[in-house]
Amino acid sequence: MSQRVRVNPIACEAHGMCAELLPERITLDEWGYPIVDETPLHGSQLAHAQRAVRACPTLALLLERAPGERGR
Amino acid sequence: MAGESPRTAGRAPEPALPRLLAGIQAHGLLTLEEHEAVHGPLPSTGGQRGRRERERADMLIAEVARSGLLGRGGAAFPTATKMQAVAGARRRPIVLANGAEGEPASLKDRTLLESLPHLVLDGAILAAEAVGADEVVVCVCESAQDAAESLALAIAERPSGRSGRAPSLRMATVPSHYVAGQESALISYLGGARALPTFTPPMPFEQGIRRRPTLVNNVETLAHLGLIARHGAPWFRQLGTPTQPGSALVTLSGAIAHPGVYEIEHGASLSSLIAAGGGSTGRVHGALIGGYAGTWIVGELLGGVAMSNEHLAAHGAALGAGVVLLLPEDACPVAESARLARWLAGQSTHQCGPCVNGLDALAGTVEAIAAGTAGAGVGGRVDRLASLVSRRGACGHPDGALNPILSALRSFQAEFAEHARYGPCDACARPGELPLPHRPIDEATVRTARAQR
Amino acid sequence: MSGVLATAGPSVYWYLTRSTGAVSLLLLTFAIVLGVVDVERWSSPRWPRFVLDSLHRNVSLLALAFVVVHIVTSVLDSFASISITDAVIPFVGSYRPFWLGLGAVAFDLFLAVIITSLLRGRMGFSTWRAVHWLTYASWPIALVHGFGTGSDANSGWLLVLSILCIAMVAIAVLTRVLIGWPGDIRLRGAALAGTGAFGLFMVLWLPGGPLGSEWARRSGTPASLLPHHAGNAKSSAAR
């Protein structure tokens, strides 16, 4: 079961901490908003993703099950 | 029951047009009596107690599935699938009939509510009984006062609420801004908040009004449902195409002799629609099909266009909410696009950074092209902005807004290139053809959003 | 016991409670400054946002640790009979009840902030934020508690430290309001007015209050603990 990060664009206020903590998946556009790569995470990236989710000041970053899994 | 249409009272009805618009009067609404004289009485599943009623409700959903009815609010989602999802929910659902119609160039929903409200109520009540809902809310735009009055009269003619087992009917007037009719925005508004889209999941069919599963259907979809219940799926499929059966309402406007709401069968040619509208008032520069989330098709290609998603896909277009805007030859598509882009940017609810910033930048770029101040590399800028905007909002507005802008740049390439080089043309100063009414999102939202960014 | 106390001199707990109280104030001040820096979104290549955010969080937790030690040592110190309930239920103690009670109020508010922050994922964002704003109430209450209950108000270093802390928080609030946060102008006006009012209150109260004469008696120290009651005036004057 793999997971991916997703951003709630309404809650997001472009603080940018997610991009600092998970640059493998998140970059910032020219206005400071996250561009999220929804490729599934693996291994050690998961811990960094969890930290990024906790760090978001507005709780806009989410970790969820990646779709397209077997049996789902 | 297979192959038989349920409840045919007397002889089988004509499959031909008009169907929804049958019996429509020049002014005012059809009363319940007049409505039933045209279409026959409403076949009712009689409420939700008992297995027989439950079976009849399931049969209706199965009939709708057989009919292939697709949603008429713009997304063309299979109606039966939606109904099944809501019917299968654990909590008692609610039906929301969406007549909000925030699209400025669309009149079909308010026409239905103003002149044929009982058709909509039929479908809404049947849908409620089919999914086990005890409440129906019909949403009408606050600027459509005639529609609201007719709807109120029609609701008063119906037995309501606890008497019998009919679901309770009520009307709600909703704000008129473009995105207010989006499913989650409506549900947010009916819950006492502002009419702004919310983040999904959870989807409305899982958690909607008062956290109950909510079946949101466009009022035209429900109107079709009411007739399918009477005349059956085979009757419905006698018009239209195999992938998009039945008839549909379209709003024809712009360079046409008799603008208004017309009923077509899916797959009808655009030429026949224009002919039904009295012909175009001169040569047509291009047609915007699908409204402000739709696609431009340039005049030369219009002869071969047929009004079904299957045929329109070849042009990168879709029928959407059935809006067809004909741009006259002497209008400037570049100026119109710039105005439209700016309006669409203004209709952002300012909740998501990529939408409010991206659409604003895109509008600025199109305006710069129209004014001749764009500079080199503008094509790359547009592509970059498009990629920054798509799929990064909470609702479909930014993606929808890209369609008319990008398709205009493609379809009217020569005109755009000329403007980029030489600046405004004579036609730029003409008053705009596209209706772009002033529909402010409530000011408090915009002010708060700006302060936070 | 009071006769013994007069000759015994201050216990180690008493020193600890004073010092941890002062350090707590300093840490809470830093926490507020870091919180404001976070809202203002200040960062640099050496100090990215997530570092400042973690620092804010860790300084707050460190402050909590010091406040807990401050409370425990004040209970263990046998000079003034402060019980553990006085730490969370205000105004029921016997030693300077009002001023000590303010400490309990500040601690309760601080606890609410800490707990909601630890459970942030389980509540709505607006709820969390509304509770978090209580820090702006907790801090001044803690400061006034310090002046009211402390015995060091007259000593220069603590006064200077307190003034520095007040200045840091005031500057933080001012910079925050001046860059336009929060968006509602009435809230900004209220923040400025509140800061100004608090500053004014301190200026008016301190000289005649904790810095004035006989504050120990006026603040509600039980009579049995006051210097005149015990025999030795000199060692008691150190209190």
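FYI, it's all coordinate maths here, none of it is from the lab. Everything numeric here is computed off the predicted structure, so don't read it as measured data. We place every Cβ from the backbone using ideal geometry, glycine too, and count neighbours over all the protein chains shown.
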> What angle do you read, to the nearest 10 degrees and between 0 and 90, between the alpha-carbon axis of helix B:117-131 and the longest principal axis of chain B?
Replying inline: 70
> How high is the FRET efficiency between residue B:330 and residue C:111 when r is their beta carbon distance and R₀ equals 56 Å, given to the nearest 0.05?
Replying inline: 0.20
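Evaluate the relative contact order of chain B (contact order divided by residue number), counting alpha-carbon pairs under 8 angstrom at least 6 apart; express in whole percent.
Values: 917 pairs, mean separation 70.6, N = 453.
16 percent.
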>> Please report the spacing between the Cα centers of segment B:60-131 and segment C:58-85 in Å, no decimals.
In response: 64
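Loop sites only, by DSSP: take the GluC sites (Glu not before Pro) in chain B that have at most 15 other C-beta atoms within 10 Å and name the longest stretch containing none of them.
B:143-328
Could you compute the FRET efficiency for residue B:269 and residue B:153, with r as their C-beta to C-beta distance and R0 at 45 Å, rounded to 0.05?
Details: r = 38 Å, r/R0 = 0.84.
According to the calculation, E is roughly 0.75.
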>> What does the C-alpha gyration tensor say about the overall shape of segment B:32-237? Classify as rounded when a/c is under 1.5, otherwise prolate if a/b is larger than b/c, or oblate.
In response: rounded
> When only C-alpha pairs under 8 Å and at least 6 residues apart count, what is the relative contact order of segment B:249-328, in percent?
Replying inline: 39
> Just C:187, C:158, C:28 to compare: in a GNM of chain C, with alpha carbon springs under 10 Å, which one fluctuates most?
Replying inline: C:187
> How far, in degrees from 0 to 90, does helix C:185-208 lean away from the longest principal axis of the Cα atoms of chain C, to the nearest 10?
Replying inline: 20
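Classify segment C:62-111 as rounded, prolate or oblate from the Cα gyration tensor: take a ≥ b ≥ c as the square roots of its eigenvalues, call it rounded if a/c is under 1.5, otherwise prolate when a/b beats b/c and oblate if not. All intermediate terms of the calculation are to be shown ahead of the outcome.
Working: a/c = 2.34, a/b = 1.20, b/c = 1.96.
In terms of gyration-tensor shape, oblate.
Under 8 Å for C-alpha pairs, at least 6 residues apart: give me the relative contact order for segment A:3-65, rounded to a whole percent.
Details: 106 pairs, mean separation 31.2, N = 63.
This gives 49 percent for segment A:3-65.
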> Using 1/(1 + (r/R0)^6) with R0 = 51 angstrom and r between the beta carbons of residue B:258 and residue A:63, what's the FRET efficiency to the nearest 0.05?
Replying inline: 0.35
>> For a quick check of your reading of the filter: which chymotrypsin sites (Phe, Trp or Tyr not before Pro) in segment C:54-118 sit in a DSSP loop and have no more than 15 other Cβ atoms within 10 Å?
In response: C:91
> In degrees between 0 and 90, to the nearest 10, how far off the longest principal axis of chain B does helix B:413-422 point, with axes built from Cα atoms?
Replying inline: 40
> Which shape class applies to segment B:307-448: rounded if a/c is under 1.5, otherwise prolate when a/b exceeds b/c and oblate if not, where a ≥ b ≥ c are the square roots of the Cα gyration tensor eigenvalues?
Replying inline: rounded
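For n ≥ 4 DSSP H runs only, could you compute -39500 (n - 2.57) per run for chain B, divide by its residues and tell me the 222 nm figure to the nearest 500? Could the numbers behind the result be given before it?
Values: 17 runs with 188 residues, N = 453.
The per-residue figure over chain B is -12500 deg cm²/dmol.
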> Based on DSSP H runs of at least 4 residues, each adding -39500 (n - 2.57), what is the mean residue ellipticity at 222 nm of chain C after dividing by all its residues, to the nearest 500 deg cm²/dmol?
Replying inline: -23000 deg cm²/dmol
> Could you state the number of Å between the C-alpha centres of segment A:20-72 and segment C:159-227?
Replying inline: 43
